[in-house]
Each structure stands twice: as C-alpha cells, then as structure tokens.
Amino acid sequence: MIYRYNADSWDRFVHDLRTKKIHWCAEGSEGTSSPEWSGSKNWQEALDYAINGHPVGRTKIEAALPKVTSEPEPLWDVAPVGAFACIPAHAAGVPEDMFIPTEDAPPVSSPIVRIAVNMSASAGVNPQDIVNRGIAIVSLIDRIQASGRRVELIVIKHGHCHGEKFIWKVTVKRPEEPIDMDRVGLVFATPIMMRRFFFRVMEFTVPHEVDGYGFSTHYPEECRDCDLSIPNINRNEYRTQESANAMVQALWDQASA
C-alpha cells in the first residue's frame, strides 16, 4: 500500500494543515515533551509559523549567507484576485490577499531548475544538522539563480513501515515566486517541517496508527522529474557547515554533470 500526499503550493499545504481531520495522533504533531527536537512548544505555535514565517529560522539562514537570491525577482502587488496567495494577509482577513505582478515585473522566461529536498530523518538526527543542511541548500539556490535560472523548490518525505510506503510532496517555492525567507527559514532552519508538519500529514493521510511514524528512506524513482533530488538526512552527515556545503555541492555537481 502506498499513501501519497501532494500540495502544489504553500497556500494549499497550510490550508490542509489547518483543516484536515486527523485519524490518530501518537504525540507526533502535537507532542510537547521536547520543543528543541520538534522545533516548537506545541502544534498551534508551529501552525502560526506556517502562516507568518519563522523569524529565528530566517535569521539563522541569513546570518550564514553573504547574500540571498541575487537574481532580480519579479515585483508583486496585492489584490483580491491574483496568481498565488499572500498567506499572512489571508490569515488576517485582508481582502487584498493575492499576489499579482506589477506593471514593471519582467517576464519569467529563464530556465527552471526543479529541486526536491527529502526532509525525512531518524529521531536521532541532531536539529543542528538540519539547520546546516538547510543553509547549504539555500546557498546552492542562490548560486543557481545568480546564473540566470529560476528554482522550483519542493520538499518531500519518503518513509515505510510494515510493507506500506509514505510519499509526501509540498511545493515551497514556485518558479515565478520570489524566495520568502521567513518560509525558507521555517522549512530548512528548524525541525518543524519534518517533526510537526509531515507528522501531521501522516496523521490525516494514513487511517491507522503507524509505529514510530515509520522509517525514513529515499525513493529516487519518485524524483525523476526533478533536476536535483537531495536524499534524507542520516546521522552525522551534516555535522558541520563545511561538510554540509560540500555534500550539497557534490550532489548538484553529480546531477548537473
């Protein structure tokens, strides 16, 4: 049996996190015993970060990078109807809660690079390893976009348990969207994505309890349509920022060879 989940935008993902009924919860998304491990004190705090961004995560990313997204990004206004949602405005009940290109916005014609990042990790992975890898990934995105290409960023989780497979996919950044550093900081510089949000996806997707929320793995065949897929995190792989940078760059060099 394969259980799949796909959100083709961050707006859709946040909507599902807020509204989907869960079938079970073995602490998981709602656990409160170890905020450092899960990235937040409770589920509501994690959900607030999904809507409004994570300032600490953003600071961690920006502090480690000399610059982010040096390529000029499209210019956007807000309106009641548009290309994609402005989630903080929508959550606040503002009528103008959709982004639209300004008259000065350049056409999006540059090549697109699709990157899938597997956020699966065992319980023993140190939260700092997650941050180190996240910083290395954002640095790679910066270099790719500086070369005149745009990035579509997808986070995935692959897992298995007792013969069942779990395959989740969430688009964090569409090619036409500017990089939202609050969102990127939340996803890559905290454990919240894998240890709150993807646990929640399992709770509302799989109709029965899964022991330990399954085992992390990586299914390369599920990433055939991507230019680069970054596998799940194994313990001690990203212990330092230097090793994280080297591993992510090596994966890109191999994929683009």
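The values are calculated or read from the model by the stated rules, or taken from the named source; none is laboratory data. This structure is a prediction, so every number in the text was calculated from the model and none was measured. Heads up, the Cβs are rebuilt from the backbone with ideal geometry, glycines too, and the neighbour counts pull from every protein chain shown.
Considering the conditions (1) in contact with a His (Cβ under 9 Å, 6 or more places away or on another chain); (2) surrounded by fewer than 19 Cβ atoms within 10 Å (Cβ to Cβ); (3) at pLDDT below 95, Ala257 is excluded by exactly one of them, (1). So for the range 218-232 (the condition being farther than 28 Å from Thr32 by Cα, small (Gly, Ala, Ser) and within 18 Å of the chain's Cα centre (by Cα)), does at least one residue qualify? Yes, there is a match, as at least one residue in the range 218-232 is farther than 28 Å from Thr32 by Cα, small (Gly, Ala, Ser) and within 18 Å of the chain's Cα centre (by Cα). Looking across Asp16, Asp8, Asp48, one residue alone is loosely packed, with under 15 Cβ neighbours inside 10 Å and closer than 16 Å to Trp168 by Cα. It is Asp8.
Of everything listed in (1) of a type outside the set (Lys, Arg); (2) in contact (Cβ under 8 Å) with a residue 12 or more places away in the chain; (3) not in a loop (DSSP other than H, G, I, E, B), the single unmet condition for Thr190 is (3).
Yes/no matrix, rows are residues, columns are (1) in a strand (DSSP E or B); (2) under 16 Å from Asn234 (Cα atoms):
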site: Val125; (1), (2): no, yes
site: Gln128; (1), (2): no, yes
site: Arg133; (1), (2): no, yes
site: Ala136; (1), (2): no, yes
site: Leu140; (1), (2): no, no
site: Leu153; (1), (2): yes, no
site: Ile156; (1), (2): yes, yes
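From the list Ser9, Ser110, Ser120, which residue is modelled with pLDDT of 60 or more and touching a helix residue (DSSP H, G or I) at 6+ places or on another chain (Cβ under 7 Å)?
Details: Ser9 fails: touching a helix residue (DSSP H, G or I) at 6+ places or on another chain (Cβ under 7 Å); Ser110 fails: touching a helix residue (DSSP H, G or I) at 6+ places or on another chain (Cβ under 7 Å).
Going through Ser9, Ser110, Ser120 in turn, just one is modelled with pLDDT of 60 or more and touching a helix residue (DSSP H, G or I) at 6+ places or on another chain (Cβ under 7 Å): Ser120.
Can you tell me which residue among Glu203, Glu221, Glu209, Glu164 is touching a Gly at 6+ places or on another chain (Cβ under 7 Å), at pLDDT 90 or above and of a type in the set (Asp, Glu)?
Result: Glu203 is the single residue among Glu203, Glu221, Glu209, Glu164 that is touching a Gly at 6+ places or on another chain (Cβ under 7 Å), at pLDDT 90 or above and of a type in the set (Asp, Glu).
Only a single item in (1) among the β-branched types (Val, Ile, Thr); (2) modelled with pLDDT of 85 or more; (3) surrounded by fewer than 18 Cβ atoms within 10 Å (Cβ to Cβ) is not met by Val68, and it is number (2). Condition check for Ile137 on (1) of a type in the set (Val, Ile, Thr); (2) within 17 Å of the chain's Cα centre (by Cα); (3) more than 20 Å from His218 (Cβ to Cβ): one failure, at (3). Residues that are in contact with a strand residue (DSSP E or B) (Cβ under 7 Å, 6 or more places away or on another chain) and part of a helix (DSSP H, G or I) were ranked within the range 199-219; the one that is nearest to Arg235 (Cα to Cα) is Asp211.
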